[in-house]
Each structure stands twice: as C-alpha cells, then as structure tokens.
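Trainee: Here it is, the structure, as structure tokens.
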Amino acid sequence: MHVAADTEKCISSGHCAMAAPEVFDQDEETGIVRLRTDHPAAEHEAGVHDAAAVCPVLAITVSAERLG
Amino acid sequence: MTRSSIGASGRVENDVPAFPMPRAKGCPLDPPPGLRGLQAEAPLVRIRLWDGSTPWLVTRHDVQRALLADERIGSDSLLPGYPHVSESFQARAADLQTFITMDDPEHARQRRMLSPSFTLRRIEQLRPTVQGIVDDLVDGLLAGPKPADLVSAFALPVPSLVICHVLGVPYEDHEFFQRTSRLLIARETAAETALAAQMELVGYLDQLIGRKLAEPADDLLSQLAVEQLQTGQMSRQQLAMMSLLLLVGGHETSADMIALGTLALLTNPDQLAVLRHTDDPTVIARATEELLRYLSVAHGGRRRVALEDIEIAGEVIRAGEGLVLPSEIGDRDERVYPRPDVLDLHRDARQHLAFGFGIHQCLGQPLVRVELQAVYGTLYRRIPTLALAVEPSELEFKEEGFVYGVHELPVTW
Ligand code: HEM
Ligand code: SF4
C-alpha cells in the first residue's frame, strides 16, 4: 500500500496522527502532517484508511501500490 | 419533489419551510422532526431564513462532508448570498470579522499562526493541568450544597478555566466574558446589544494585549503579541478579534457538551454505566466521539456561499447561493450511523461533523477532546450516585442560541 499526504492542504488537525500514529506525525513547528513512511506495513492498513476518512481536507490519498 | 421549484423571476413560488425549526416536545436531545422530514425527502432542499432569503439546506452526511471540503464554497460572511444566522450576526459581520468567516488565503494565514499551539503533542502536555482543574471542581461540587446546578458549578468553569490558562486571560473576569460571550452567540440578541457586547469584549482584550506586550508571560496571547503583533504580521485589532474568537468559541460549546452530555447519560443509564466502570482511555475516547456525534451542539448549521456553480446530488448550486449545513442532522444520518438516535458509546463515531469539516474544522478540537475525556472519565466515577434533581420535563433548553444546551442542570448525589 502506498500513502501520500498533501502538506499544502493540511490544516494541522492531527486526526491522521491520532488514527495511525505509526504512519503519520505532526511537524513540531507547524503541526503540518509528516509521513513516517509512505509504504505502511499491512498491520497499519486499517488505521491509514481511517486517517484518510477523517482528514477534514481530504489531504490523504491511499493507493494499492505505486507501479513503477 | 417540486417543493422548492423556482420560477422564471428567480423567486421561490411555493411554500418553502422556515428555518430553524422547533424540536419535538419531550425529545430535547433529538433534532427537529421537520429537519428529519427534509432529510428523508432529498439531500438538498430550499429553506426560508429570518430575512426571507431561501438558501439551500444540505441534509445528508455525505453531501455535507463533500461540500464542506469543496474549494468552491466560501465562508466569507461579507459575500452577497451568505446565509446569516440573524440580524445581529449580520451586523457584527459588517463591523468586524474573525478568520472563521474569512476565506483563504487570509483565513489560512491567520489560522497557521495558531496551529502550532494546538497540535496533539502540545495539547497532550496540558492534560495534567486539565485533569487537575476537573478534579478540583469535582471536589468543590462534593463539598458544596446539593442539589447543585451542574452548569454553573462545573460545566462552564471547566472550559473557562482551561481557555483562560491557555490564553492567559485572568479567570477573575469570568463573569464579564461569560455574560458577553452568551450575548454574542444568542441568535435573538438585538443587533445593538450584540455590537455593544462585541465592542466591550474587544476593548477588554485590547487592554489585555497591551499588558501582555508590556510584560509577556508564558501564554498564547503573549506569544501572539510578541510574534505576530510586534512583527507587524497582524494589527492590534486583528489580534483582539482573534482572541475573541478563541475566548468565545471555546466557552458555551464545551460547557454544553458537558451539561448536555451528562443529561444524555443520566437518561441512558446503561450508557452511563459504561463510563462509570472504566478507566480505559480508549473506551473514554470512543465514548467522547459518540457524545460529540449524538449531541452535535453547534446547532443551526455551518453557513456557506457557493463561489462557483456546483453540481452535486442531482442539483446545481449556483454561484452566489447560500448553503446551510446542520451537523445535528448530518450526524443523525442513518446511512452512516445505523440506529442514529441511539446513544451507543461503543460505536465508531469518528466521522461526525460536530466540529465541522473542511478548512474551518474546529481549531480547538484537540483541546476539547482532552477536556471532555477528563470530564467524562472522572465525573461519573467520582460521583457514581449522580442524578437529576428535577424532572427532565422541567429543564429549559437553549432554543435561542446557535449552540444548543441546557440553561441549568440541577443534580444531586
Ligand atoms: C465542544 C466544543 C466545541 C465545538 C462543538 C466546536 C465547534 C466548532 C465548529 C462546528 C466549527 C466550524 C465552524 C465552521 O465551519 O463554520 C468550529 C470552528 C472553530 N473553533 Fe470550535 N468548537 C468547540 C470548542 C472550541 C474551543 C475550545 C476553541 C478554542 C480553543 C475553539 C476554536 C475554534 C476556532 C478558532 C474555529 C475557527 C476555525 C477556522 O475557521 O479555521 N472551538 N468550532
Ligand atoms: S488529518 Fe489531514 S488536516 Fe489533519 S493533520 Fe492529517 S493531513 Fe493534516
């Protein structure tokens, strides 16, 4: 699975870091989303989908696997 | 389906339901039946507001979410077509604005000045302070006379003390800012009264900012005064308005969640039992989200204007048309929440719209979560015999505000 976060859109709500702290973090200075990994382990898949669903500005996109 | 057909003149021809609508007697915690009726009818319908305007009402969860996250809608209350809550809200908007009713880029510029102070990590550091405030107030309640009014003895002091601590506002002045805040959020406050209250509060905060500039302390107002005002990023009036938003925004809403939440639990004893018998933070956090969904206290709808034509849910919203998006029905949409009128603390309610959605989603929500988790995780365990001291039918609800709540909640134990 591949995950991307749009830092331009992000409003620092922290929802993603709450839903999947192993994958998402907030920048110390700005609160903007920071990915800990863009290829989360299978065990965090559910959390990543939750994060994408609760992000208020739809900044998180999940795809099966990036090809190429 | 022709209820809201519009004639060639652009005027609404047949009868468009008036908004807001009354709640059913005996169901103070459920949204107005009229709104449920409209929700069953269509995702988008026309409503009539106090000034005769007929904006769209967005009834369903998925459409509310999609529109609130859509870059083609605006929150700027100076735009023509903006569906104002009341005459006094319109008058205040024309007087002074805060970033909650601004569009990007200015909205984002101002919000980003605050977001570092509201990250999960920063707010988590406040948890012991918040817990201490809650514990002290419960001690005070137990030591005081009973029955007691939970609103004035507990529900209002918790958020008041917390936001005063964060901002660096002296709590001694709470009677002043609680009174003026209440005037500002009541829909029926006369325009002159609301403007006077706004002026009083802005004047008060302006003086406080002056004191922070002279003697910066370790609080958010001092930090903003030094980092944003002194550097010219913001005018003194802008900072006073921003402080007003933070002070007013965090008061009644959180207090209503505490008082109304307690009422909801006392009238659902099986759910109250869940909180009475747990100290598991995961259970308490989940319960908090469900209470936020169930009560969705910021009533009366998010207010927006279409900036461009938007085709959605089988309708075309024209540029310049107003939108009203009430979370109290979005959060009771059975398409998302099976048996939506049942308070079920074990359900996953995280997609609720109680804090809004999109770029204006509540800035204070991490702080609210810490507050509510401390309250819901403490009050019912410390006072397991907590009970209403009056019949539920005797309670008076804040029908007149755009934040829903109960005026007094007499409790005993
Ligand atoms: C239970 C308590 C609360 C509820 C239900 C609540 C609800 C909301 C809602 C629904 C919005 C979105 C408005 C819109 O989209 O038009 C909002 C925005 C906002 N809230 Fe809260 N709020 C609460 C507590 C707080 C607290 C404690 C603070 C202050 C620390 C706060 C500060 C703000 C600010 C600054 C905004 C504007 C955000 C923006 O425009 O970007 N709120 N709140
Ligand atoms: S949930 Fe969305 S808005 Fe919130 S921090 Fe994560 S990416 Fe940013």
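Trainee: Ignoring ligands, DNA and RNA, what accessible area per residue does the protein assembly as shown give at 1.4 Å, in Å²? Numbers along the way, then the final one.
Mentor: Details: 20290 Å² over 481 residues.
Each residue of the protein assembly as shown exposes 42 Å² on average to a 1.4 Å probe.
Trainee: So what is the calculated 222 nm ellipticity per residue for chain B, using -39500 (n - 2.57) for each DSSP H run with n of 4 or more, over all residues, to the nearest 500 deg cm²/dmol?
Mentor: Details: 17 runs with 181 residues, N = 413.
Mean residue ellipticity, 222 nm, calculated: -13000 deg cm²/dmol.
Trainee: Of A:K9, B:K212, B:K25, which has the most accessible area with a 1.4 Å probe, and how do the rest follow in descending order? Walk me through the numbers on the way to the answer.
Mentor: Numbers: A:K9 80, B:K212 20, B:K25 195 Å².
Highest to lowest solvent-accessible surface, that is B:K25, A:K9, B:K212.
Trainee: For chain B, what is the relative contact order in percent, using Cα pairs closer than 8 Å and at least 6 residues apart in sequence? Walk me through the intermediate numbers first.
Mentor: On the way: 644 pairs, mean separation 97.4, N = 413.
So the answer I get is 24 percent.
Trainee: With +1 on the Cβ of every Lys and Arg and -1 on the Cβ of every Asp and Glu, and nothing else charged, how large is the dipole of the protein assembly as shown about its Cα centre, in debye rounded to the nearest 20?
Mentor: Values: 44 positive and 68 negative charges, 76 e Å.
Charge dipole, the protein assembly as shown, about its Cα centre: 360 debye, nearest 20.
Trainee: Give me a comma-separated list of calculated 3J(HN,Hα) values for segment A:23-28, in order, Karplus coefficients 6.51, -1.76, 1.60 applied at θ = phi - 60°, integers in Hz, x for any Gly or Pro.
Mentor: Values, residue by residue: 10, 10, 9, 10, 4, 4 Hz.
Trainee: A follow-up question, please. Two-decimal Rg/Rh of segment B:136-263 from alpha-carbon positions, Kirkwood Rh?
Mentor: Details: Rg = 16.1 Å, Rh = 15.7 Å.
The Rg/Rh ratio comes out at 1.02.
Trainee: Continuing with this model, one more query. Extent of segment A:2-63 along each principal axis, from alpha carbon coordinates, in Å, largest to smallest?
Mentor: Ordered largest first, segment A:2-63 gives principal extents of 29, 20, 16 Å.
Trainee: Further question on the same structure: What's the magnitude of the charge dipole for segment A:2-63 around its Cα centre, counting Lys and Arg as +1 and Asp and Glu as -1 at the beta-carbon? Answer in Debye, nearest 20.
Mentor: Details: 3 positive and 11 negative charges, 30 e Å.
So the magnitude is around 140 debye.
Trainee: Nearest 100 Å² is fine: how much accessible area is buried between B and A, summed over both sides, with a 1.4 Å probe? Numbers along the way, then the final one.
Mentor: Values: alone 17740 and 4250 Å², together 20290 Å².
In total, chains B and A hide about 1700 Å² from solvent.
Trainee: Could I ask something else about it? I'm checking a number: the convex hull volume of the Cα atoms of the protein assembly as shown, normalised per residue, in Å³. What is it?
Mentor: Numbers: hull volume 74.7 nm³, N = 481.
Taking the convex hull of the Cα positions in the protein assembly as shown, it is 155 Å³ per residue.
Trainee: Another one. Using just the C-alpha positions of segment B:179-251 as equal point scatterers, what log10 of I(q)/I(0) does the Debye formula give at each q in 0.11, 0.12, 0.13 1/Å?
Mentor: -0.29, -0.34, -0.40
Trainee: Give me the Kirkwood hydrodynamic radius of segment B:262-396 in Å, from all C-alpha pairs, to one decimal place?
Mentor: Working: mean 1/r = 0.0596 Å⁻¹.
Answer for segment B:262-396: a Kirkwood hydrodynamic radius of 16.8 Å.
Trainee: Put A:M1, A:M18, B:M241, B:M199 in order of accessible area, largest first, 1.4 Å probe: what do you get?
Mentor: Numbers: A:M1 30, A:M18 90, B:M241 10, B:M199 145 Å².
Descending accessible area places them as B:M199, A:M18, A:M1, B:M241.
Trainee: List the residues whose amide H sits under 5 Å from the amide H of B:I383, counting only those 5 or more places along or on another chain, with H placed 1.01 Å from N in the peptide plane.
Mentor: Here the answer is none, since no amide H 5 or more places off falls under 5 Å of that of B:I383.
Trainee: Quick one: how many Å² of B:Y82 are accessible to a 1.4 Å probe, rounded to 10?
Mentor: Estimated to the nearest 10 Å², B:Y82 gives 30 Å².
Trainee: Could I ask something else about it? How big is D for chain B, in µm² s⁻¹ as a whole number, if Stokes-Einstein is applied with the Kirkwood radius of its Cα pairs at 25 °C and 0.890 mPa s?
Mentor: Working: Rh = 22.2 Å.
It diffuses with D of about 111 µm²/s by this estimate.
The values are calculated or read from the model by the stated rules, or taken from the named source; none is laboratory data. Computed from a prediction, not measured in an experiment: that's the story for all the values here. With ideal geometry, Cβ positions are generated from the backbone for all residues, glycine too; neighbour counts draw on all protein chains shown. These area figures cover heavy atoms from the full protein model, side chains too; ligands, DNA and RNA do not enter into them. Shrake-Rupley method; radii C 1.70, N 1.55, O 1.52, S 1.80 Å.
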